Structures are given as C-alpha cells and as structure tokens.
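A short worksheet on the structure shown next.
The values are calculated or read from the model by the stated rules, or taken from the named source; none is laboratory data. Note that the coordinates shown come from a computational prediction; the quantities given were computed from them, not determined experimentally. All Cβ positions, even for glycine, are placed from backbone atoms using ideal geometry, and neighbour counts span all protein chains on display. Ligands, DNA and RNA are excluded from the accessible area calculation, which covers all protein heavy atoms including side chains. Shrake-Rupley method; radii C 1.70, N 1.55, O 1.52, S 1.80 Å.
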Amino acid sequence: MALRRSPSSNCADPWPNGAWFNQVSTVLSESSSIHSDVLYQLSRDLSGSGLKPMPYAVLEPSGLKEEPWEEEFQSLLQRNSMQVSPSEDKIPDVGPPSSPQASGEGLYFSDGQRKVDYVLVFHHRRHGSLRSPTTASVSQDELSIVSNGNFPPPSSSEALAGGGGGLRREDASVGEVFMELGMARGSGAMEAADHEMQLIRQEFEANLLEAGLEVERDREVGVLTKTHGPSFTRIHAPWPVLCREAEFLKIKVPTKQSYELKEESGFGSSMSSVWRKVKQPFQPKVPQQDQGSTKFLSHCFSRDKLHMYNITSKDTFFDNATRGRIVYEILRRTVCVRTCQTIGISTLIAKGVYDSAFPLHDGDYKVTGNLEERNDRQVLFEEWARYSAFYKYQPIDLVRKYFGEKIGLYFAWLGVYTQLLIPASIVGIIVFGYGVATVDTNIPSLEMCDERLNFTMCPLCDGACDYWHLSTACGTARASHLFDNPATVFFAIFMSLWAVLFLEHWKRRQISLSFSWDLTGIEEDEEHPRPRYETILLQKQQRKQKKKKKKKKKNEPEKQEDGTVTGKDRWRQKLLSAMAAGVPVPTVIEKLTWKDRLPGYFMNISSILFMFGLTFSAVFGVIVYRITVSALMAMSPDPEIKSNVRVTVTATAVIINLVVILILDEIYGAVALWLTELEIPKTETTFEERLILKAFLLKFMNAYAPIFYVAFFKGRFAGRPGSYVYVFNDYRMEECAPGGCLIELCIQLSIIMLGKQLIQNNIFEIGIPKLKKLIRALKEKEPTQKQKDEEKTPLQWNLDYALAPFEGLTPEYMEMIIQFGFVSLFVASFPLAPLFALLNNVIEIRLDAKKFVTELRRPVAARAKDIGIWYNILSGMGKLSVIINAFVISFTSDFIPRLVYQYMYSPSGTMHGFIDHTLSFFNVSNFRPGTAPHSSDHGDVTVCRYKDYREPPWSSDAYQFSKQYWCVLSARLAFVILFQNLVMFLSLIVAWVIPDVPKTIVEQLKREKKLLVNLFLQEEKEKFQLIQSLFVKDATLHPKSQSPSAGQAFPILGRYSTLPSGPTAPDGPRARCRAASFSQFSEKISSLPRKENANSKHTAV
C-alpha cells in the first residue's frame, strides 16, 4: 500500500477530531483475493463521510459499463446521504409549513391530518453534504474510487459533470484502486462520532417504522444554512398501532354500557345538596367537570371488542396523553442491534444519539380565540395555574387527563394535605390566642418579672460577666408562656391524631381516585434496565469473554505439524466435540450480583457517615459561634449590648443555620444522586426509591439537626457554677434561657421553616428556572436574518424544546415532606407552624401548576396506583412525631415541673413560689480561681441562684441532685410513656373507625362487576346467534357438498355452558363448547377464497 498526498485536498487542514486526511492508493492485481464486492461494501460503509464515485469513464471502454450496478450504487449513496429519499427510506423529509395554521400550529404532520404524538430531537452540526453530479461547485468530503473494471463505473455524463473534484487521468492506471478522502472547502468534515450517531438514528427510526409508527423529519437542506441547531423527528401512531399497544398495555377505556350512580336519600341527600351549593363558587370552570349521576363501564381495551366501545372518532378516542404514553412504550423497547447493542430511547439519549424526546403540549397556553374552544392546556392555565385562582379547587381529573396519573396523584395529595391544614391552623391559632390571653395572669411569669423578689443569678460567663437579676429576663418569660402553656399539651395530642387522620383520609381519597380513574386492578408495567445498568453489564460480559479467550488459548490441545491432535488431547477434543453435538448448554442470563455492587455499597455507607459527620460539624460550629460571641458581647462595656446578648446571638445563629441548611441541601441532593448511581439499580423504579431514601435521610438530618440540639441537648451538659463544662478549655457550654429552652426552640423552628419556604419558593423554584431560561435564550441569540424570518411563526415542537425538561416529582415531594416534619414533629413548640404551612401551600400549588403548564415540557403520562414510598415515609414521620412531641413536652417545656410542684410541693396548691422552687443556691466562695466576676455592681454577694434541682451548699450532699430532681425526672418519663400509649391507642381507634375503602366505592365495584358479566354474557349470546345464522345460511347455499354431519352441525352445549340453548344433533354426544372469539371461528369456516375478504372485513371493525 502506497501513501501519497492528494492534489485536491489540503493536508494542513486537520479533522475536527485531530485526524488528517490522506490519500490512500492501493494497487490490486487481477488475481487478488479482494474482489469488487469488497470495495462495494467499503464504499457503502464510508458513505457517511462523503462518498463519490471517481469520474474515470475514460479508463474503461463503454462496453464494460453495467447500468444496474450503477443505479444500485447511486441509490445507496442517496440513502446514506443527508438528503434521504422518501421513497427509499420511507421517512419523508419536509420543510417547515408555510403557516402555522397549515399544520395545526405545529401539532400535525405536514399533511395537516396526522397528529404529532412524540418528538425526537438531536443537534445537527453543519457538515459537507455529498456532492451530487450536478453540483460540482460545492466542495465536500469525498471518497473517489478507481477500479480495474470489476467495480461498476458511473456513466460518462456523470464523469464529465463530476470531473472537477476527481483524479486526473494520468494519476491512476487501470490496475489500481485509488481512494481519496479530501477535506471539504469552507466546512468541517463529518466527525466519525457524528457519523456513527447518524447511523444509529437511521437504524432506530427504521425499527420504529417496522413497529408501525409513522415518522417525519426535518429536511436537512434547511438545516445546512445554520452552523448548528436542533433537528426534529416527528412520530405519529396510526390507529392499528394504538389498538395493538392499548391491548398490550391493558389500558382501560369506557364502553357504551352505562349505569346510574346511587344517590343518597333523606337527610344525607339534603346535606349533600347544601354542601354542593356552598362549594359551587370555589369550583373551577372546567368543561365536563361534573359527569352527573351516570358512569360508563370501563374495560381493558381489546381489538376483538371494538363494537363495545363508543368510538365516535379514531383520532380522539385515545387522548393525547394516552397516545404519547403508547408511543413512549414503543420507543422504550425498540432496539438497535446492527449499529449498537442498546434498547430504548433512554439509552440513546444517554449515549448522546438524541438530545431529548418528549410529547407535545396541546398548543399555546394563552387563550387567543373563543373561550369555548380552549384546549386542555389553556383551561388548566386559566382555571388552575394562576395565582388569582388560589381559592378554587383543583381540576384533578383534568390534571390527570393531561399529565397522567402519577402527577395527578401528587397534586391530589398536595390538595388533601393543604385542606387538612385548615383545621390544624385554626386550632393552632386558638392555642396561641390562649397563651396571649393568659400571659398577664400567669403566676410564674409574674414572679420572674417581680423586682421585689430580687433573685440574684450567677454570672453567665467567667470573669467578665457580673451577677444579674432574674427580673431582667421578664420579656423572655412572657414570650415563653405564649407557646409553653397547658393548651400546648392538648395541641400536641391533637396534631398526633391529625397526622393519623390525614393518612387515613388520603388512603380513602386515593382509592376513590383509583376507582374514578379506572386504576383498580392494573398491573405494574414491565420496566427495561437503565442505560448505566446495561453499560456495566456489557462491560462485565466483555471481561468474561476476554477471560474465556485467554483461558481457551492456554488450554488449546497440542497439534502436530499437519494439524492433527495428539495424545490425551485427542480424546479430550473428541469428548468436547461430542458434548457440543449433544444437549446444548443453557444460556445463563447475565445480571449484576452483590459482588459487582459491593464497591458502591461501601462508598454509600462511608459517604453517608461522612455527610452525617459534616452535618454535626456544622451544628457544632454554630454552637462554638454562639459561645464565643456571647462571651465577647458580655465583655463589652456598653450596657445596651450586654442586655441584648441572648437575643442577638440566637437570631444570628439561626440565620447562619438556615444558610448552612440551604447550601447543604443542594450538596446532599447531588451526593444522593451520585451515590445511587454507584449502586447501579436495574430499573427506574428501584433507582427512584433508593434515591428518595438517601435524599430524605440526608436532608432530614440536615434540616432537623439544629432543632434536635436545641430541644434535647442544649443546657443538659453545661454543668453547674463551680463545675462547668468547657469547650477548648476556655469557653463554657451554653445554657438555656431563664424562661427555658422552648422559646429558643420556637425561634429556631420558625426562622428555619419560614426561611426555607420563602427562599426555596422564591429563589430556587422561580428565580433559578427563569435565570436558566435567560441564559439559554442568550446562547441562542444572534440568528441570521433568514432564521429570524423563519422564527416569526415558531412551531409547537420548537416552543416545547425551549422549555425545561421534566426531571421527576422527587424535589416537589421532598419539599412537602420536610414541611410535614416541621408541622408534626416539633409542633408542641410552635403552634403557628400549620398556619404558615397552609399559607405556603396555597402559593405552592399554583406555583407548581404554573411550572408544569408553562415552563416544563410535557411529561409522559405515567400510570400509578399510589404515591409509592412517600406514604411509608409519611407514616413513619407520623409515628415519630408522637415520640418527639412527648419528649418536647416532658423535657424541654416546664409543664411537668409545674404539675409536680403544684400537686406535691406547693403549700397552697397553687403556682405561687414555683420560681423559687426551681432555683438552687450556690456559694460564691466555691467559684474556681479566676472564674468569679472581676468587679460587681451588686455589692457584696455571698450566694447566687441558678436553675437546677440540686442540694444547697449548707447540705451534707452539697450540689448533688436533690429529691425533687428525681421526682421530676420520674414524672417526665411517666408522662412520655402515658402520652405515647394514649396517642397510639387513639390513633388505632381513628384508623379502625375510618375504613380504607368508602362504602359507596365497594358497592359500585360490585355493581360494575355484575354489569360487566352481564354484558359479556349478552355478547356471547349474540355471537352464538350469529354463528347459527351463518351455519344455516351456509347449509342452504350448499345443501349437498358442505352439509354438516351429525354431531357437527352446530356447537353442542355442555352442562356448564353459558351460551343459550340451540338445535343439536339427535344422536350426538353432549360435549362442552369452548367460547371462542368470532374472528377465530370465521377463520375456520372461511374455506372458500371468495369469502375470505368478506369475513376479514367483518372481523376487522
């Protein structure tokens, strides 16, 4: 093989991927084993890089030219070029319609008749197209071939037309094959990767055609005017494909049979009518929202029962969401075998073959014409996705129809949760109002604010801090009573029961929706493996094959020079041959085992432990900040700064906590996704469940770790005067406020909850998507004038492609689950949490609705019977809330110490003297050296007070826990056990009283089953009568030649047959008749060719 530079190409210009174009010249003799067909295959494989036959007609006499070869070769070139012939590829290439109205504003094919059910998008780069013989002025990559006569040359006219880019006559001889790859002038060459992607797309779309779909793609000539840009492939599912896939997916459709729903009578009916009138102003104006008292029976679609369905139009019988789901199922299981071993559109998107794939929206969401002609998207925007519709109910049925059951269930769950927050908010407001009303009569608060009692408290820090009077904490004590009062216990019990009631009510609502949406009895869809799972599995198989090859080479038997096997290897070879000729070895289905996932599991455990450590480190860092800032502010000479130390430190520390939580939330979301990928889950459902568990675990710890610290750990390990616990040997551990830690817990919870909701809603969900959209718009700016003219009327697929892709419901659920934790877990410390959650959710529903309708591409309508693993998380959090609220009331608030004092230690049975009872004495002479105040404004102080139950210094057991401490501790533990068992018992009663399935649904299910059985029996009866009439007609037309014999004239009814009785043979045996479809029976009796067409037309309705 000789290498030499091509005169028609510039070798200084590189390939885009770094390779260089060279000229390869190969000289072949007549006796060479490489024949012309090999070159033919070579030219076919390299056609994507720009292949043009060499104009070498002058090298061969005209008598050797073969026209059939030339035509086939040109057709192959045309098929593999950028301009694909519709007649050969069966995929029409069309340009954009002249006006949007011509194709239904981009919702139809170019003919304006067939709907666009799905769109595939890939980025097209400008490459040099194949130069046709008539366009010699355009330069591109080309492969010129000179043959010795065995390969078919082009005609002389083509040689003359294309001679400009080929070889000169003196550059090649008759006996050589010359291949020239030259770089296109003025445009980059097609990269090998792009060519491979193009071949994969061609095979994939050809397989879609074989599956029955109809494909239409952009005319690439129009795209060549752009340096880059998206190219769209539209897909339409015709009626036979829809019927086939609907039967395969067991999609339930309404039949012609309907029945009247049972209406309530008496007092219940009058109450229902009154309730409907009350709700009427809050109902959205959605067409066909109320189906009345009539319901149509639904049944799984079957092509044999088309006459049972009310098919008024084949174009509208399956709605757009169902059509998109059917096409997606075909795309998901379509394979590419020749170009790459992949299954499904998801794998191709992961490989970069396609950029995205999505169904289209139903047009623009803005209403421009008559209100009565609004499409579903416009109705959803007007009645659901606007903030002005916040007071209306959600059109859940229309949401389900447009987006599918999975998204419909999310918004239904969010609506139920928001509705049940209304009574919780009302009770919370009442509890807070009770605290406000009784704050002036609360005896402990009055005692703390009474300056006459003159409780001198021990210093809050060592050295720099002075003694202080308890009356200076009057404001904190009064604020603490607003949330720490006897009504708080009732509210905690109420919210625990509320959580159970919410879950039970959602179960009933979910079953009602499943019944109305015909989801009862559906089977789980079979899922294909994820692209990453397939890739790892393929790599595993390749490693095994390499090992087998190496092992096979090592174990190859020794051979003599003539090739015969010698010695023991000879018998071994015979044994292996006999085994190979015998029973075939069963093929083992390869799958990933725990050994393959072991590194991922190890990385998961270590990473999650590291993230827990990071969360605790962040909390500890804030603790250190509070301690150091408190010490520094206490040493300030300004008395105003000293008086506001606790408020300033608490507020700033909570804000720092909030910022850290928001940052770590985003980090943990990405880490959870990365860790789940390391586990290599097989299906999307498994992937989603594992991702949810990891993300929830990390975000739960991140959001609630600071709150847990304040509720259960702050002040518990601070020590006592004279024996404090120090951090870094210099800073004392912080203590709770004089009014208790509950007020600090309330501040922490309120700021984190409100800040998280406001920032996530306003910045993350509104600001960031708009910023991404702006950046994407700026990147796509600076179009040419021709593109500006074309973009004056953008089509629907262009508009939808500009929207953000749908990335799942996990972020939406996660946000609400964390909020549910704020509402239920620590609600005893913040009764207004349900109110703020209600206000947030009213906005959240409309925000999410607007995002789905206007800012996201239309997701594939996915079926789902329930909300999945989220229900288990909610149930677990509901049970956890009972325990946490019990501990908050017992250990964080002063409810139990007050009860113990009032009923055991109070002389008068009242709360007078409670503050003095909770304060212990400390002799200032017992301070450690250097920790006593350097200077004091309170004169000569000998004894100071601190909040704890300890023995006084004059006792024999000085500074040890007193009997009151152990009495209060036992009362606290007893309350936890009592509270937990009481709430659990009441929860079981609530769950038992409220059935999971409403009684009306049970009755309707029984009635529908009975009506369906009657419908099928009637159908079988009509079939039997039709069969009888056909037999009678056939017997009258052919009385002699085809007269049925005895026992075979008509199907004889068996003992248990459900068919009606008919004429039977007098002497025939009684046999059971198998109920067959009419199409099967007609195939048996249609023996004459002239009747075949009539029968087939009758069965194919």
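Which condition number does L697 fail, the rest of (1) surrounded by fewer than 17 Cβ atoms within 10 Å (Cβ to Cβ); (2) among the aliphatic types (A, V, I, L, M); (3) within 30 Å of F921 (Cβ to Cβ) being met?
Going through (1) surrounded by fewer than 17 Cβ atoms within 10 Å (Cβ to Cβ); (2) among the aliphatic types (A, V, I, L, M); (3) within 30 Å of F921 (Cβ to Cβ) one by one, L697 breaks only (3).
Any residue in segment 714-727 that is within 30 Å of E815 (Cα to Cα) and assigned to a helix (DSSP H, G or I)?
There is no residue in segment 714-727 that is within 30 Å of E815 (Cα to Cα) and assigned to a helix (DSSP H, G or I).
Please state which one of L470, L453 is among the hydrophobic types (A, V, I, L, M, F, W, C), open to solvent by less than 50 Å² (accessible area, probe 1.4 Å) and more than 48 Å from the chain's Cα centre (by Cα).
That would be L470, the only listed residue that is among the hydrophobic types (A, V, I, L, M, F, W, C), open to solvent by less than 50 Å² (accessible area, probe 1.4 Å) and more than 48 Å from the chain's Cα centre (by Cα).
Tell me yes or no: at least one residue of segment 998-1015 is in contact with a helix residue (DSSP H, G or I) (Cβ under 9 Å, 6 or more places away or on another chain), outside any helix (DSSP H, G or I) and under 30 Å from A828 (Cβ atoms).
Checked segment 998-1015: no residue is in contact with a helix residue (DSSP H, G or I) (Cβ under 9 Å, 6 or more places away or on another chain), outside any helix (DSSP H, G or I) and under 30 Å from A828 (Cβ atoms).
Does I896 count as open to solvent by 10 Å² or more (accessible area, probe 1.4 Å) and either out of contact with any Gly (no Cβ under 6 Å at 6 or more places or on another chain) or in contact (Cβ under 8 Å) with a residue 24 or more places away in the chain (or both)?
No: the conditions fail for I896.
What number of residues in segment 333-378 are open to solvent by 20 Å² or more (accessible area, probe 1.4 Å), farther than 18 Å from E210 by Cβ and in a strand (DSSP E or B)?
Going through segment 333-378 one residue at a time, the tally reaches 1.
Of everything in segment 345-385, what is out of contact with any helix residue (DSSP H, G or I) (no Cβ under 6 Å at 6 or more places or on another chain), farther than 16 Å from Y801 by Cβ and of a type in the set (A, V, I, L, M)? Give them in sequence order.
Passing the criteria: L348, L371, V379.
What tally of residues in segment 898-936 results from selecting those that are farther than 18 Å from V968 by Cβ and basic (K, R)?
Total meeting the criteria: 1.
Quick check, is S970 part of a helix (DSSP H, G or I) and modelled with pLDDT of 85 or more?
Judged against the criteria, S970 is a match.
Look through segment 397-415, keep the residues that are touching a Phe, Trp or Tyr at 6+ places or on another chain (Cβ under 8 Å), of a type in the set (A, V, I, L, M) and open to solvent by less than 10 Å² (accessible area, probe 1.4 Å), and return whichever of them is nearest to V860 (Cα to Cα).
Selected residue: I407.
Counting only residues that are of a type outside the set (D, E) and free of Cβ contacts under 8 Å to residues at least 40 places away in the same chain, which one in segment 431-444 is farthest from H912 (Cα to Cα)?
Result: G433.
Does any residue in segment 471-495 that is within 17 Å of F830 (Cβ to Cβ) come within less than 9 Å, Cβ to Cβ, of a residue that is outside any helix (DSSP H, G or I) and aromatic (F, W, Y) six or more places away or on a different chain, and which pairs are these?
Pairs found: F483/F830.
Just checking, does segment 847-861 include any residue being part of a helix (DSSP H, G or I) and under 20 Å from L482 (Cβ atoms)?
no
Does segment 769-780 include one or more residues that are open to solvent by less than 50 Å² (accessible area, probe 1.4 Å), at pLDDT 70 or above and touching a strand residue (DSSP E or B) at 6+ places or on another chain (Cβ under 9 Å)?
yes
Does segment 553-568 include one or more residues that are modelled with pLDDT of 75 or more and either surrounded by 11 or more Cβ atoms within 10 Å (Cβ to Cβ) or of a type outside the set (D, E) (or both)?
No - not one qualifying residue is present in segment 553-568.
Please state which of the following conditions Q796 fails to meet, knowing it meets all the rest: (1) open to solvent by less than 10 Å² (accessible area, probe 1.4 Å); (2) farther than 30 Å from D364 by Cα.
Unmet for Q796, out of (1) open to solvent by less than 10 Å² (accessible area, probe 1.4 Å); (2) farther than 30 Å from D364 by Cα: (2).
Out of everything in segment 493-524 that is aromatic (F, W, Y) and under 20 Å from N872 (Cβ atoms), what residue ends up being farthest from the chain's Cα centre (by Cα)?
W498
What pairs come up if the first residue lies in segment 699-717 and is more than 25 Å from V671 (Cα to Cα), the second is of a type in the set (F, W, Y), and their beta carbons are under 9 Å apart, counting only those six or more places apart or on different chains?
A711/F826; A711/F887; A711/F891; F712/F887; F712/F891; R716/F891
Which pairs have Cβ atoms under 6 Å, sit 6 or more apart or on different chains, and link a residue in segment 191-211 that is farther than 19 Å from I235 by Cβ to one that is open to solvent by less than 30 Å² (accessible area, probe 1.4 Å) and not hydroxyl-bearing (S, T, Y)?
H195/G48
Filter segment 626-661 down to residues that are outside any helix (DSSP H, G or I) and not hydroxyl-bearing (S, T, Y) and give me whichever is farthest from G463 (Cα to Cα).
Within segment 626-661, the match that is farthest from G463 (Cα to Cα) is N644.
Take the residues in segment 930-986 that are of a type in the set (F, W, Y) and within 21 Å of L470 (Cβ to Cβ); name whichever of them is most open to solvent (accessible area, probe 1.4 Å).
The extreme case among them is Y965.
Which count do you get for residues in segment 987-997 that are in contact with a helix residue (DSSP H, G or I) (Cβ under 6 Å, 6 or more places away or on another chain) and open to solvent by 50 Å² or more (accessible area, probe 1.4 Å)?
Result for segment 987-997: 2.
Cβ-Cβ under 9 Å, sequence separation 6+ or interchain: first residue in segment 593-616 and farther than 12 Å from V671 by Cα and free of Cβ contacts under 8 Å to residues at least 60 places away in the same chain, partner open to solvent by 30 Å² or more (accessible area, probe 1.4 Å) and among the aromatic types (F, W, Y). Which pairs?
These pairs meet every condition: W594/Y601.
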